[in-house]
Amino acid sequence: MAQRVNAENFDKLVLQVTQPVLVDFYSDTCVPCKVMSCVLGELEEEYAGELQIYKVNINYEEKLTEQCAVMAVPTIILFRSGKEVGRTKGAVPKKALIQMLHMDVQAKQAEGK
């Protein structure tokens, strides 16, 4: 299960790492958020060691939510090396998240050429 992050540890756990990080901005009362939680749990198992997944509860982390320009939940943001490299809004299929991850890997490989 994805660990929660907050404004105090967001920089350290998300922005200061080179590994890809998915951050799920959610609300406890959001039904699509609960659906995405299951999808993210599957990704966490499948990409263990390659990807970190964290959760941000928008009801408790208003400043962080605003800082990341989150306007709806669920919003899932992919960060790499401290920069946003992908974003989804609403409940999306697992395939869409995998595609976002693969596009990031391809972009990283292209940078190295």
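Throughout, read-outs are computed from the coordinates displayed, never taken from laboratory work. Computed from a prediction, not measured in an experiment: that's the story for all the values here. Cβ atoms come from the backbone with ideal geometry, glycine included; neighbour counts cover every protein chain shown.
Some observations on this one:
Residues checked against (1) in contact with a Ser or Thr (Cβ under 7 Å, 6 or more places away or on another chain); (2) surrounded by fewer than 17 Cβ atoms within 10 Å (Cβ to Cβ); (3) part of a helix (DSSP H, G or I):
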position: MET1; (1), (2), (3): no, yes, no
position: ASP11; (1), (2), (3): no, yes, yes
position: VAL17; (1), (2), (3): no, yes, no
position: CYS33; (1), (2), (3): yes, no, yes
position: GLU45; (1), (2), (3): no, yes, yes
position: ALA48; (1), (2), (3): no, yes, no
position: LYS95; (1), (2), (3): no, yes, yes
position: VAL105; (1), (2), (3): no, yes, yes
position: ALA110; (1), (2), (3): no, yes, yes
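- Residues located in the range 51-73, provided they are in contact with a Leu (Cβ under 9 Å, 6 or more places away or on another chain) and not aliphatic (A, V, I, L, M): GLN52, TYR54, LYS55
- Odd one out for TYR60, checked against (1) among the aromatic types (Phe, Trp, Tyr); (2) out of contact with any helix residue (DSSP H, G or I) (no Cβ under 7 Å at 6 or more places or on another chain); (3) in a strand (DSSP E or B): (3)
- Every residue from the range 19-31 that is of a type outside the set (Val, Ile, Thr), exposed (fewer than 14 other Cβ atoms within 10 Å of the Cβ) and under 23 Å from ALA91 (Cα atoms): ASP28
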